[in-house]
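Peer 1: One structure coming up, written as structure tokens, with questions to follow.
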Amino acid sequence: MSLIFYVFGALLVLSALGVVLLKNVFHSAIALVMALALVAGIFVMLGADFLGASQILVYVGGIMIIMLFVIMLSQQPVEALQRQVNEQWLLAMILSIAIGAGLAEGFKKYFAYHFKSPGLMPTSVSIGRLLLGEMIVPFEAVSLALLAALVGAVLFSQEQKDK
Amino acid sequence: MFFKEDIVPQGADRWIHWLAPVAACAPAFICFAPVPFGRDIVPVDLDTGVLFILAISGLSVIGILMGGWGSGNKYSMLGGVRAAAQLVSYEIPRVLSVVPILMLYGTQNLRLITMAQQARWFNFFPKWFVFYPVIGQISFLIFLICSVAETNRTPFDIPEAESELVAGFHTEFSGLKFAFFFLAEYAYVFLASAMAAALFFGGGDGLWVRGGIIPSWLWFLAKTSVLVFVFLWFRWTYPRLRVDRLMQFCWKFLLPWSFINIALTGAWVLVH
């Protein structure tokens with residue numbers, strides 16, 4: 001189990017690096033697909049089977065396909081190369097490593113007491129109970145916000161058509 | 001097909017071109033894991049079976065997109081773009097058409113769904129989901145239409161429309177790579193039929209007598225084969241839809257009806 005975890009983790013880091021470092025936008029997008037799918041695999045290993053399946057359904061099967069679609073529509077294969085770094089790359093790297101290390105420390109401190117592995121248990125029933133019971137207000141608020149975003153996107157695209 | 005020359009065009013992106021058939025083919029076979037092929041014959045008894053199949057089968061589009069982009073060919077590119085638009089759109093009513101089943105039986109486990117359908121109305125008529133008045137039929141029709149669209153079969157095969165796009169996304173693929181694309185496509189036809197058999201036709205349930213002489217896996221395969229036949233029947237019967245009509249049909253007809261169907265199912269569940 002831990003061997004699979006480390007393989008997944010190493011592949012995840014590699015593909016995440018690929019997203020940022022690869023020269024071709026399409027290659028980066030494919031690396032991002034891989035990274036998101038691996039995250040879903042890690043979710044499943046942590047016992048969150050429903051979350052893993054939704055991650056693949058929403059991110060890999062939905063959002064990434066739209067992103068690839070946009071890349072295909074907007075760029076010629078030859079022109080898809082672009083510069084990956086500018087003058088501030090060193091500073092940015094130091095900053096992001098610092099933030100990452102800080103987050104890791106914080107998580108370690110917090111979860112040392114609370115986290116214990118739930119084992120492989122079906123989670124969809126309890127997720128449903130939580131979403132429509134205890135968490136109904138945040139759930140409805142999020143869906144309202146998403147609906148507002150959807151209506152806003154339609155409105156903006158309509159306005160641009162008029163000009 | 002094994003001995004045909006593998007041609008990679010000069011303008012192609014070698015890696016993407018090589019990976020595309022793999023990315024299209026691999027998910028097709030992972031999807032068969034939670035399919036209940038008969039009573040007690042389930043490869044993996046997943047709690048999130050339906051969601052798992054719907055999620056993983058969406059991954060193959062990425063293979064098609066990679067094929068379309070990596071070939072460095074205008075026709076392939078157009079085929080890939082059409083595939084993305086079509087498959088993402090039709091996935092939504094397809095998922096929504098399964099929702100009434102999940103509402104009625106209260107589980108996503110395909111095995112439990114087939115078990116729940118093995119009852120009888122008035123002691124002789126099979127209580128399969130497709131025979132539930134109105135909701136069953138609407139649900140099944142939407143699922144069937146969307147499955148045909150998701151598997152790129154003919155009335156909806158605009159990603160590879162040969163009269164417009166040569167062969168769409170797989171124009172530049174030859175030999176075994178081409179074979180892999182087609183293997184994936186027919187695996188999906190079989191998967192969609194198997195899913196429909198499990199979700200709407202009671203899986204391995206016999207037609208009149210429960211647990212008769214004919215074993216459940218034979219019933220399941222028979223139902224699946226009939227549905228595969230229906231898919232091929234569509235192919236030779238209907239003309240291809242135009243791109244814009246195809247999208248309108250999805251968003252303005254299938255989607256509202258699947259929402260209405262979910263509301264109807266909610267009413268049914270409330271009454272019973």
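Peer 1: With all protein chains present, calculate the accessible area of residue B:54 using a 1.4 Å probe and round the result to the nearest 10 Å².
Peer 2: The value for residue B:54 is about 10 Å².
Peer 1: Per DSSP H run of at least 4 residues, take -39500 (n - 2.57); add these up for chain B, divide by its residues and hand me the 222 nm value, nearest 500 deg cm²/dmol.
Peer 2: Value at 222 nm, helices only: -20000 deg cm²/dmol.
Peer 1: From the phi angles alone, apply the Karplus equation (6.51, -1.76, 1.60; θ = phi - 60°) to region B:25-35 and give each ³J(HN,Hα) in whole Hz, x where the residue is Gly or Pro.
Peer 2: 8, 4, x, 4, 8, 4, 4, 6, 4, x, 6
Peer 1: Looking at region B:92-137, which chymotrypsin sites (Phe, Trp or Tyr not before Pro) are in a loop (DSSP not H, G, I, E or B) and have at most 14 other Cβ atoms within 10 Å?
Peer 2: B:122, B:124
Peer 1: Determine the dipole magnitude for region B:14-271: charges of +1 sit on the beta-carbon of Lys and Arg, -1 on that of Asp and Glu, nothing else is charged, the reference point is the Cα centre, and the result goes in debye to the nearest 20.
Peer 2: Here the size comes out at about 320 debye.
Peer 1: Restricting things to alpha carbons, tell me how big region A:122-163 is in terms of Rg and Dmax, in Å.
Peer 2: Rg then Dmax for region A:122-163, in Å: 16.3, 52.
Peer 1: To the nearest 20 debye, what is the magnitude of the charge dipole of the protein assembly as shown about its Cα centre, counting +1 on the Cβ of each Lys and Arg and -1 on the Cβ of each Asp and Glu?
Peer 2: Dipole of the protein assembly as shown, to the nearest 20 debye: 540 debye.
Peer 1: A further question follows. Give me the net charge of residue B:49's neighbourhood, meaning all other residues with Cβ under 11 Å from the Cβ of residue B:49; Lys, Arg count +1, Asp, Glu -1.
Peer 2: Within the 11 Å Cβ shell, the charges total -2.
Peer 1: Total accessible area buried between chains B and A, 1.4 Å probe, in Å² to the nearest 100?
Peer 2: Approximately 2200 Å² gets buried when B meets A.
Peer 1: Then there's this: Determine the principal axes of the Cα atoms in the protein assembly as shown, then give the extent along each, sorted from largest to smallest and rounded to whole angstroms.
Peer 2: Over the protein assembly as shown, Cα extents along the principal axes are 77, 63, 53 Å.
Peer 1: Further question on the same structure: Read phi for every residue in region B:82-99 and hand back ³J(HN,Hα) as whole Hz from Karplus 6.51 cos²θ - 1.76 cosθ + 1.60, θ = phi - 60°, with x for Gly and Pro.
Peer 2: Running phi through 6.51 cos²θ - 1.76 cosθ + 1.60 with θ = phi - 60° gives 4, 4, 4, 4, 5, 5, 5, 5, 6, 5, 5, x, 5, 5, 5, 6, 7, 4 Hz.
Peer 1: Show the residues, 5+ positions off or on another chain, whose built amide H is closer than 5 Å to the amide H of residue A:24.
Peer 2: Counting only residues 5 or more places away or on other chains, the set is empty.
Peer 1: Which Cα, out of B:220, B:132, B:3, lies furthest along the positive dipole direction of the protein assembly as shown (beta carbon charges, K/R +1, D/E -1)?
Peer 2: B:132
Peer 1: Where the eigenvalues come from the Cα gyration tensor of chain B, what are the semi-axes √(5λ) of the equivalent ellipsoid, largest first, in whole Å?
Peer 2: Equivalent-ellipsoid dimensions as semi-axes: 35, 21, 15 Å.
Peer 1: Given a Förster distance of 35 Å, report the FRET efficiency between residue A:42 and residue B:218 from their Cβ-Cβ distance, rounded to the nearest 0.05.
Peer 2: Result of the calculation: an efficiency of 0.30.
Peer 1: In Å and from the alpha-carbon atoms only, list the Rg and Dmax of region B:1-110.
Peer 2: 17.6, 54
Peer 1: Hey, another quick one. Compare the Cα positions of A:133, B:264, A:13 along the charge dipole of the protein assembly as shown (+1 at Cβ of Lys, Arg; -1 at Cβ of Asp, Glu; about the Cα centre) and return the one farthest towards the positive end.
Peer 2: Farthest towards the positive pole: B:264.
Peer 1: OK, next. For residue A:87 and residue A:143, what is the calculated FRET efficiency with R₀ set at 45 Å and r taken between the beta-carbons, to the nearest 0.05?
Peer 2: 0.55
Peer 1: Oh, and also: Please compute one quarter of the surface area of the Cα convex hull for region A:1-75 and express it in square nanometres.
Peer 2: Mean orientational projected area (region A:1-75, Cα hull): 4.8 nm².
The values are calculated or read from the model by the stated rules, or taken from the named source; none is laboratory data. All of these numbers come straight from a predicted model, not from anything done at the bench. Positions of Cβ are generated from backbone atoms using ideal geometry, with glycine treated the same way; all protein chains shown enter the neighbour counts. Calculation scope for accessible area: heavy atoms of the full protein, side chains included, ligands and nucleic acids excluded. Shrake-Rupley method; radii C 1.70, N 1.55, O 1.52, S 1.80 Å.
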